[in-house]
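The values are calculated or read from the model by the stated rules, or taken from the named source; none is laboratory data. Everything numeric in this text was worked out from a predicted model, so none of it was measured. Note: ideal-geometry Cβ built from the backbone for every residue, glycine included; neighbour counts use all protein chains shown. Ligands, DNA and RNA are stripped out before the accessible areas are found, and what is left, the full protein with its side chains, is counted by its heavy atoms. Shrake-Rupley method; radii C 1.70, N 1.55, O 1.52, S 1.80 Å.
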Amino acid sequence: MSWTLCRDDDAITEWERADGYATVRVRERADGGFVVRLDVMEQAADASTYERERFGDREAALDRAAEWREERALDG
């Protein structure tokens, strides 16, 4: 299942999975670093997955965001 870029401005870049149950977000921190966040709602005992990582530069953050999107893509 594909991902759609749903926000891309000076502060945040965010993708949403086509089923609406997952998002990946890159945002710039006040200190100039970047945070990448994965948020997935799943039908399981734990009910969701939430991961967050910090990076010193935008390119590294975007690379991690791409990895998460690839890992969490759904066939369909």
Qualifying residues in segment 1-27 (those that are open to solvent by 80 Å² or more (accessible area, probe 1.4 Å) and of a type in the set (Asp, Glu)) - the one farthest from Arg37 (Cα to Cα): Asp10
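Assess whether Glu67 counts as being free of Cβ contacts under 8 Å to residues at least 60 places away in the same chain and within 13 Å of the chain's Cα centre (by Cα). Working first, answer last.
Details: free of Cβ contacts under 8 Å to residues at least 60 places away in the same chain: yes; within 13 Å of the chain's Cα centre (by Cα): yes.
For Glu67, the condition - free of Cβ contacts under 8 Å to residues at least 60 places away in the same chain and within 13 Å of the chain's Cα centre (by Cα) - is met.
With a cut-off of at least 1 residues that are at pLDDT 95 or above and among the polar types (S, T, N, Q), name the strands (runs of 3 or more DSSP E) lying wholly within the chain. Let's see the steps before the verdict.
On the way: elements: 3-8, 12-17, 22-28, 34-41, 48-55.
Answer list for the chain: 3-8, 12-17, 22-28.
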